[in-house]
Amino acid sequence: MQKIYLGVDVGSVSTNLVALDTRLQVLETVYLRTMGHPVKATQEGFRELQSRLPQFEVLGVGATGSGRNLVAAMLGADEVKNEITAHAVGAAHFHPEVRTVFEIGGQDSKLILLRDGVVIDFAMNTVCAAGTGSFLDQQALRLGIPIEEFGHWAIRARQPVRIAGRCGVFAESDMIHKQQMGYPTEEIIAGLCEALARNYLNNLGKGKEILPPVVFQGGVAANLGLRRAFEKMLNMEIMVPEHYNVMGAIGAALLAAESMKDRPSSFRGADFILDGEFETRSLECNGCPNQCEVVSIHRQGQVLAYFGDRCRRWDASLKSSKVVSRELKKAAR
Amino acid sequence: MRITFPHMGNSYIAISSLLKELGLDVVVPPPCSKRTLELGTRYSPEFVCLPFKINLGNYLEAMERGADAILMAGGWGPCRFGYYAQVERDILRELGREFNMVIIEAPDSRLTSLLNQVRRMGIKTSWFQVWSAIRLSWEKLKAVDRLEALQHYWLPRVTDKGRCEKMIDAGLKAVDGCDDLRRMAEVVDRVERDLSGLERDVDNGSPLRIGLVGEIYTLLEPFANYCLERQLGRMGVEVVRDVNLTQWVNDHLFGGFLPSAPSLHATLSLAEPYLQYWVGGHGRETVASTVGYARRELDGAIQVAPLTCMPEIVAQSVLERVQEEEGIPIMTMYFDEHAGEVGIITRLEAFLDMIRWRKMKTGDTDAKNLFGSRCRFCQHEFGGS
């Protein structure tokens, strides 16, 4: 039976699963769209993985991405890590000498600086998502070009048009304006790529020392136009790893492998994941002035986990007495 | 006349006590909540900093409970805080509220100006009453600071974090309701004893120590920083914070000369090589404290401020050099009403991972959890490049 480490990255746009063997080589990767249903996407991804690897035993599970807590409860993850660490670990695994990681995903972008294999600084977009995957998707759709070909259009351009890239909405209106003026589509797309690269470097790269080797990963790394724009602007080569779109999941699997050593995995098993009816609910806790929005995940009506309460009293209630739960029921609106 | 004042962390305990003992009828605003922020945001300028919006919400909620006078601090210099009181007053007037506003021109003004204003309100107080009111609220400030320090120390070290927080909250409530100096000290001693009786987290015997710096309101008001200190404590981190209430009162009302209270006056000189000017707000304190934390061998520093805070933006640009030359990892976090909690937690976790990873690399074996000095997966040695 194939022994694997499972890594799951549930992002806003895509849900990715990877299986690593015990030598930590990539066996299989699954990339699919989350479509707003992280639980369903994870189930589908797991089913897909099962069809490709008919017989396997899970030695450890790592979860990352914005939906990490949700799927961790569902899968029984051994390691739950933030995306920044997961991506850094993934990049350093394939390129031990890496000093800069660009990661652009569906709605987040990150810049991670490593020296001697260790993260020394990072930045993450906070106020604006211009230039991330969702925005590029939307523009490709508007121009009627499949997103996979978007970048190739950009590199066919003779000369990029200047597009205002500070804000996603204004970038779009500027693109429309340039279309109305009659610029060829290739040149507008190339201009957009440059604007987005500029925006990224200004927002995240502010005051940070970007040194080669640079690894570019995340779904947007498929965009050749953006990669070229970075290369031109920084005057250095940008590497895109083979598994660029699932590096977070690989990082999570590696972290799980690292943390497992000899203890058994808390993986819940295929039946639990695939046969169960999962449901998520939310409530506003009135236990204190914070009024946290508490989300819970249920399987067959039974609560698996609570998230979002700052004091963790909801989560703690799963392990303690009924009195607490009654008290909590009163606090819920 | 019923007087109110804005919240800033646990400062209400001392402020309400002072005003009550001076013979005033006090309305403490309800604790900051989403509703406070919603009310404040509705009537504030879009681009003003977050504390302003919360202040305004505090006043509106206090007025619902019958407040008709506001006590607010003033200020001067490059920080927008200096205009808060006046602009807040005008907004409330435009909303048709009728009230009295008492503005004490701090920092660096005198308590006597407050007392004179109080007298002008027609409250008769003897000098003895004034003295004992000040004494009591000063002791309350000290008790609050001690409780906060206890939380910083114990939260990362115990297994039952919820119990620990409850004990601190109970202590704060007891201090709030106490008007006897001796009993107050007993309350805090009791909390300290109870805390040390909690079960220790043996896996976190020597927790990471992270110093907090930044704009004072964002530092002290958990509602404005998404409960940063407790989040860190629950992640197993001991928080260190130079700025606190007794320090502020000592430095700004007593010129830093109170012997029994902490002061940042001596620390300020540490900023000298990096920042020679007063840049307003807590900009210089931020740089100085961070240098101090680095010399005290803390594991990292987090700078917090409301979005668009000018003094802290200046400090942030200076901190890049501090990070490099003093060798302390620094992360800056800006907060406003649009901040997403998920993003905040992600960055905190990543920052702690980064520090632990770095400690492993430099051979500090206290830091377990994360990575070995060589990549366990492919066995390559870190630093091979």
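The values are calculated or read from the model by the stated rules, or taken from the named source; none is laboratory data. From a predicted model like this one, the values you see are computed outputs, not experimental measurements. Cβ atoms come from the backbone with ideal geometry, glycine included; neighbour counts cover every protein chain shown.
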>> Quick check on residue A:119: is it part of a helix (DSSP H, G or I) and within 11 Å of chain B (Cβ to nearest Cβ)?
In response: no
> Which of the following residues is in contact with a Pro (Cβ under 9 Å, 6 or more places away or on another chain) and assigned to a helix (DSSP H, G or I): A:316, A:256, A:229, A:249?
Replying inline: A:229
>> Report every pair of residues separated by at least 6 positions or lying on different chains whose Cβ atoms are under 9 Å apart, first residue within region A:269-284 and at positive phi, second of a type outside the set (A, V, I, L, M).
In response: A:269/A:76
> Pick from B:179, B:201, B:189, B:194: which is more than 26 Å from residue B:322 (Cβ to Cβ), touching a Gly at 6+ places or on another chain (Cβ under 8 Å) and surrounded by fewer than 21 Cβ atoms within 10 Å (Cβ to Cβ)?
Replying inline: B:201
> Only one of B:35, B:93, B:89, B:97 is surrounded by fewer than 19 Cβ atoms within 10 Å (Cβ to Cβ), assigned to a loop (DSSP other than H, G, I, E, B) and of a type in the set (D, E, K, R); which?
Replying inline: B:97
> Any residue at all in region A:239-260 that is among the hydroxyl-bearing types (Ser, Thr, Tyr), modelled with pLDDT of 80 or more and in contact with a helix residue (DSSP H, G or I) (Cβ under 9 Å, 6 or more places away or on another chain)?
Replying inline: yes
> Taking the stated definitions as given, is residue A:61 away from every other protein chain (no Cβ under 14 Å), surrounded by 24 or more Cβ atoms within 10 Å (Cβ to Cβ) and in a strand (DSSP E or B)?
Replying inline: yes
>> surrounded by fewer than 14 Cβ atoms within 10 Å (Cβ to Cβ), under 18 Å from residue A:254 (Cβ atoms) and among the hydroxyl-bearing types (Ser, Thr, Tyr): which single residue out of A:22, A:29 fits that description?
In response: A:22
> Can you spot a residue in region A:166-182 that is surrounded by fewer than 18 Cβ atoms within 10 Å (Cβ to Cβ), under 24 Å from the mean Cα position of the chain (by Cα) and either on the phi > 0 side of the Ramachandran plot or not in a helix (DSSP H, G or I) (or both)?
Replying inline: yes
> So which of A:83, A:79, A:103, A:97 is of a type in the set (Asp, Glu) and surrounded by fewer than 19 Cβ atoms within 10 Å (Cβ to Cβ)?
Replying inline: A:97
> Within region A:41-75, which residues are of a type in the set (Lys, Arg) and free of Cβ contacts under 8 Å to residues at least 40 places away in the same chain?
Replying inline: A:52
> Quick one: in region A:296-321, which of the residues that are more than 11 Å from chain B (Cβ to nearest Cβ), without any contact (Cβ under 8 Å) to a residue 24 or more places away in the chain and touching a Leu at 6+ places or on another chain (Cβ under 9 Å) is farthest from residue A:36 (Cα to Cα)?
Replying inline: A:318
>> Let me confirm something: among B:27, B:48, which residue is in contact with a strand residue (DSSP E or B) (Cβ under 6 Å, 6 or more places away or on another chain), over 17 Å from residue B:172 (Cβ atoms) and among the β-branched types (Val, Ile, Thr)?
In response: B:27
> Mind checking which residues of region B:4-30 are within 14 Å of chain A (Cβ to nearest Cβ) and not in a loop (DSSP other than H, G, I, E, B)?
Replying inline: B:12
> Of B:217, B:274, which residue is part of a loop (DSSP other than H, G, I, E, B) and either within 18 Å of the chain's Cα centre (by Cα) or closer than 27 Å to residue B:347 by Cα (or both)?
Replying inline: B:274
>> Looking at B:62, B:67, can you tell me which residue is outside any helix (DSSP H, G or I) and either assigned by TED's automatic domain parsing to the domain that holds residue B:339 or touching a strand residue (DSSP E or B) at 6+ places or on another chain (Cβ under 7 Å) (or both)?
In response: B:67
> If you go through region B:287-321 one residue at a time, how many are buried (at least 23 other Cβ atoms within 10 Å of the Cβ) and touching a Cys at 6+ places or on another chain (Cβ under 7 Å)?
Replying inline: 3
>> If a residue must be facing chain B (nearest Cβ under 8 Å), part of a helix (DSSP H, G or I) and over 13 Å from residue A:249 (Cβ atoms), how many such residues does region A:89-104 contain?
In response: 1
> Inside region B:41-54, can you point out the residues that are more than 14 Å from chain A (Cβ to nearest Cβ) and either among the polar types (S, T, N, Q) or touching a Gly at 6+ places or on another chain (Cβ under 8 Å) (or both)?
Replying inline: B:41, B:44, B:52, B:53
> Applying the selection to region A:20-62, what residues are more than 21 Å from the chain's Cα centre (by Cα), of a type in the set (A, V, I, L, M) and more than 18 Å from residue A:79 (Cβ to Cβ)?
Replying inline: A:53
